[in-house]
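Here is the structure we will look at.
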Amino acid sequence: MISIGIDIGSVCAKAAAYDGEKMHLLMQPTGWNLKKTGEELYKKILDISGGKEKDVVEIVGTGYGRVSIPFASKKITEITCHAKGAMYLNPKTRTIIDVGGQDSKVISIDDKGNVLEFIMNDKCAAGTGRFLQVMAHVLEVEVDELEHLAAQSAPRDINSMCAVFAESEVISLLAAGATKESIASGILHSISNKIAHIANRVKIRDSVFFTGGVSKNEQIRSILEKKLKCTIYTQEEAQYAGAIGAALLGYDMKS
Amino acid sequence: MEYDYYILFNTHTDGLNMAKRLKESNIKYTITPTPRQLSKCCGIAIKYEHEDEKAILDIIDKYDIKVLGLHSLERKNVDIKFI
Amino acid sequence: MADYRELWQKLGMDLEKHDVLCEVLPQLYGGIYLNQENRPEGMNYYNFVVAEVHGLRIKELDDHKQQGGKVVGTFCVFVPDELILAAGAIGVGLCAGSQFWIEDGEKVLPRNICPLVKAFTGAKLSGTCPYFQSCDMIIGETTCDAKKKAWEILDDYVDTYVMDLPQMKREKDYKKWAEEIYDLKDKLEKLTGNVITEEKLHDAIKLCNRKRMALQRLYNARKALDLPISGKDALLISQIAFYDNPERFIEMTNALCDELEDRIKKGIAVNKKGSKRILISGTPMAVPNWKIHHIIETSGAMVVAEETCTGTRYFENLVDETPTTMDGMVKALADRYLKINCACFTPNKGREEDIIRLAKEYKADGVIYNSLQFCHTYNIEYANVEKALKEAGIPVLFIESDYSNDDVGQIQTRVEAFLEMIG
Ligand code: SF4
Ligand code: SF4
């Protein structure tokens, strides 16, 4: 018996396969054809798990692209899936801060991984991976380079949280001769501010688990720790929380 | 391909008259805004089931209801866009 | 299809722009309303009203004007319809629930204010709302800052009269509101040339009460566990109540209620077994703002009531019909209207109590608090409402949104997650 979770995010698509014992994971860029990406992931993860089509009891789609997985037997929002997935990765988790490509959310959960409360950013890009993308583009660097750059300098203030205004702010800072390093640092502080702002609207309880693509950024994690005055954990598989949760929820439904 | 069927009218009074007769005869119908593909004006149309067409023609005859005609329109799944 | 273009032209409308609106509305309505399964037959009347929304009703207003009658526009449920009717005028609640008008509104207003205010201003400026164009006068009120200042701008385009609404509910505020009602009476008498007699006012009070009772009956039917009507349909009916001919509206709504009550007896339902019941609370939803209801009802839940101005705030509490003197009736009006719990008031504990009471009466599984973007009073008031609901053990989700399509996906996710959470 295998349950498969597919999490189609705006930047990365993730898959998890769970057979009651082992959790297999896979990730690839989302691309523009969500349907094709979903199908590919399904085939590959099934391969990796060593299972057969007939063993698959449930395919759960999640993430913003969940509506584009026609072969999914269930669709569950990324919020519910993240809660389950984070619990699996770290059973002490009570608060999840998830920052993905185009949204960020903070989820408060109980000791069984049920959602108690959640906050999601509104339609603006502030506080999401998209913000980093836009800013990296202005600095003419890759998103991954921001962290390294930022580590070497104190931050310049970037006051606007809105990506559109922040973009022009960065352009004028560059024109005024500010270094890329100081701006990169300012950018990481700015996004952390916005995330903290969202996080402050729910009651933050230990342990706090940082997930989503942006959780790879060590600096943002440590800035957030200072701002929220708590310890924030993350781990290699944090990006897979949604897919893992989807696979688990599917498995639970059948057993 | 699936179709939707509409009766169009000159005035809303004719439309309401028709609706009344359909109701009396227990024929299922829906009053709808006239689909744009069928007309340029705002106004009412009546949507009906194809199987009732014969009975509807009889009613039109019997009560001498003025209609602009019976039309069919291919059913399309339109994405809803809030305006 | 009668041709209304001549009429629209006479009203000074921008026909070309208006065509664009006429183009998209039937499609939107079709997609949202006509695809629902198992709708009550009585909804045919409201389909008819929507189909003729810029036609027949406008013609009726025009006929009334031809005979020397006046048309008066209002924007808030605090403005007493009774006086307008007693003066022999027709009142229309001006709808402003479309993104279509925002751009024109932003020509004169800042971007960061409530879409409702931008939309009604844009509707007037662009000359694309035949109701607005039919108005001889509009009655504004000093509720929120956005509206208060927008009247000054609108006054350049249409005669705008403003009522000064108190923002507290002390004894002296009730007195003051009664005075404001008297002032409006004078103004309407001047506008129409008709005297508002005690008899006419009493008749109008009875008429408006009958309209409220019809809506109360409709909402009562929504308390049934097997819902005889969808939330979307009920919302539409409340919206239509603002501009339809009152007598006809009462008759048709009561006829629909007969059908709904019969459905309840027979167990005919529009909802699936076990679907979650949601109470909406927050800012008004003007035509054609059906966004939140549509998202909720296509996510497997049902809206069972609206604690909004296009919901319970419009029809709860009747005006006392016992007084027959002018003073007595004006006081009865002031008393009824000032009971409305709008976020413009401080303090506003009554609203928290209303929401909790309604959640219980309608057996809601959760509340979705919906505030228009940049509506400060409702946005801020959420904090206390949330606290009160949590204490009462009622789950609540906050959504701030405007009329646009951009955030539909986001809201969908949030609503679905909320339903999963309370599931
Ligand atoms: S929300 Fe308040 S100000 Fe707005 S229409 Fe309702 S009562 Fe009037
Ligand atoms: S929704 Fe809020 S901001 Fe908009 S008009 Fe009503 S009270 Fe004012």
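The values are calculated or read from the model by the stated rules, or taken from the named source; none is laboratory data. Predicted, not measured: the structure shown is a model, and the values here were computed from it. Ideal geometry is used to build each Cβ from the backbone, glycine not excepted, and the neighbour counts take in all protein chains shown. SASA here: full protein model, heavy atoms, side chains in, ligands and nucleic acids out. Shrake-Rupley method; radii C 1.70, N 1.55, O 1.52, S 1.80 Å.
Points to keep in mind about this one:
- Helix B:12-24 axis versus longest C-alpha principal axis of chain B: approximately 70°, rounded to the nearest ten.
- Cα-derived Rg over Rh, computed across segment B:3-74 with Rh taken as Kirkwood radius: 0.92
- Segments B:21-34, C:365-378 sorted - mean Cβ within 10 Å per residue, highest first: C:365-378, B:21-34
- Counts of other chain beta carbons within 10 angstrom of each beta carbon in peptide C:407-416 average 5.
- Angle of helix B:53-63 to the longest C-alpha principal axis of chain B, folded into 0 to 90 degrees and rounded to 10: 50°.
- Note on C:Met326: accessible area approximately 30 square angstrom, rounded to 10, probe 1.4 Å, nucleic acids and ligands left out.
- Taking every protein chain into account, the 1.4 Å probe leaves C:Arg57 with about 20 Å² of accessible area, to the nearest ten.
- Average Cα contact separation per residue, segment C:46-197, under 8 Å, 6 or more apart, as relative contact order %: 23
- Remark: relative contact order (segment A:189-240) = 46 percent; criterion is Cα-Cα distance under 8 angstrom and separation of 6 or more residues.
- Seen from C:Lys232, the other residues with C-beta closer than 15 Å to its C-beta sum to a net charge of 0, counting Lys and Arg as +1 and Asp and Glu as -1.
- Note on C:His64 and A:Val11: their simple-model spin labels are 5.8 nm apart, each label 7 Å out from Cα toward Cβ.
- Chain B, relative contact order in percent, only Cα pairs under 8 angstrom and at least six apart counted: 47
- For C:Lys70, the residues whose modelled amide H falls within less than 5 Å of its own, excluding neighbours fewer than 5 places apart on the same chain, are C:Ile90.
- Highest-fluctuation residue, A:Gly51, A:Gly85, A:Gly213 considered, GNM on chain A with Cα pairs under 10 Å: A:Gly51
- Partners of B:Lys76 within straight-line reach, counting lysines whose Cα lies under 17 Å from its Cα and excluding those fewer than 8 residues away in the same chain: B:Lys47.
- For the residues C:Gly97, C:Gly393, C:Gly42, a GNM of chain C with alpha-carbon springs under 10 Å puts the largest fluctuation on C:Gly393.
- Where trypsin sites (Lys or Arg not before Pro) fall in DSSP loop in segment A:1-103, at most 12 other Cβ within 10 Å: A:Lys22, A:Lys52, A:Lys92
- Extended-chain gain in nm, criterion 0.36 nm per residue less alpha-carbon gap, C:Lys272 and C:Ile153: 38.0 nm
- Antiparallel content of DSSP bridges confined to the protein assembly as shown, in %, to 5: 50
- Once backbone amide H atoms are built at 1.01 Å from N, A:Glu117 has A:Ser108 as its partners under 5 Å, excluding neighbours fewer than 5 places away on the same chain.
- The distance separating the Cα centre of segment C:25-66 from that of segment C:341-357 comes to 33 Å.
- Charge dipole (the protein assembly as shown, unit charges on Cβ, about Cα centre) - positive-most of C:Pro347, C:Val270, A:Ala86: A:Ala86
- Rounded to whole numbers, the Karplus 3J(HN,Hα) couplings from phi for segment A:183-196 are 5, 4, 5, x, 5, 5, 5, 4, 5, 5, 4, 5, 4, 4 Hz, using 6.51 cos²θ - 1.76 cosθ + 1.60 with θ = phi - 60°, and x at Gly and Pro.
- Each residue of segment C:145-156 is assigned a 3J(HN,Hα), and the resulting list reads 4, 4, 5, 3, 7, 5, 4, 5, 6, 5, 4, 6 Hz, derived from the Karplus form 6.51 cos²θ - 1.76 cosθ + 1.60 (θ = phi - 60°), x at Gly and Pro.
- Alpha-carbon centroids, segment C:95-147 and segment A:127-176: separation in whole Å: 38
- Amide H within-cut-off set for C:Val396, under 5 Å, with H built and near neighbours excluded: C:Val367
- In Å², nearest 10: area of A:Phe165 left accessible to a 1.4 Å probe: 130
- Among C:Ile380, C:Ile250, C:Ile113: highest mean-square fluctuation, GNM of chain C, C-alpha pairs under 10 Å: C:Ile380
- Principal-axis tilt of helix A:34-49 within chain A, Cα atoms, nearest 10 degrees: 60
- Net +/- balance of residues flanking C:Arg111 in space, Cβ distance below 12 Å, scoring K and R +1, D and E -1: -1
- Under the Karplus curve 6.51 cos²θ - 1.76 cosθ + 1.60, θ = phi - 60°, whole-Hz ³J(HN,Hα) for segment A:173-182, x wherever Gly or Pro sits: 4, 4, 4, 7, x, 5, 6, 4, 4, 5
- Pair-distance profile P(r), taking every C-alpha pair of chain C, with 20 angstrom steps and integer %: 26, 62, 12
- Most to least accessible of A:Val202, C:Val108 (protein chains only, probe 1.4 Å): C:Val108, A:Val202
- Under conditions of 10 °C and 1.306 mPa s, chain A yields 86 µm² s⁻¹ as its translational diffusion coefficient, taking Rh as the Kirkwood radius over Cα pairs in the Stokes-Einstein equation.
- Sequence-distant aspartates and glutamates (8 or more away, or on other chains) whose Cα lies within less than 15 Å of C:Lys206: C:Asp81, C:Glu82, C:Glu198, C:Glu247, C:Glu251, C:Glu316, C:Asp320, C:Glu321
- With the charge dipole of segment A:94-234 set up from +1 on Lys and Arg Cβ and -1 on Asp and Glu Cβ about the Cα centre, the Cα lying farthest toward the positive end among the listed residues A:Val214, A:Ala150, A:Ala184 is that of A:Val214.
- Dimensions of segment A:94-234 based on its C-alpha atoms, expressed as ranges along the principal axes with the largest first, amount to 51, 29, 21 Å.
- Percent of Cα pairs exceeding the 33 Å cut-off, where the set is the protein assembly as shown: 58
- Residues C:Ser275, A:Ser3, A:Ser255, A:Ser172, ordered by accessible area of protein heavy atoms at a 1.4 angstrom probe radius and largest first, appear as A:Ser255, A:Ser172, C:Ser275, A:Ser3.
- When the C-alpha to C-alpha distance is required to be over 27 Å, the pairs from C:Lys232/C:Lys265; C:Lys339/C:Lys363; C:Lys147/C:Lys363; B:Lys62/C:Lys266 that qualify are C:Lys147/C:Lys363; B:Lys62/C:Lys266.
- Computed label-point distance, nm, for sites A:Val164 and A:Gln28 using a 7 Å Cα→Cβ extension: 3.6
- With all protein chains in place and ligands, DNA and RNA left out, the 1.4 Å accessible area ranks A:His189, B:His50, C:His294 as B:His50, A:His189, C:His294, largest first.
- Segment C:251-358: chymotrypsin sites (Phe, Trp or Tyr not before Pro) falling in loop per DSSP and having at most 15 other Cβ within 10 Å: none
- Over 18 Å [Cα-Cα, segment C:1-143], rounded percent: 62
- Positive minus negative residues near B:His50 (Lys, Arg vs Asp, Glu; Cβ under 14 Å): -3
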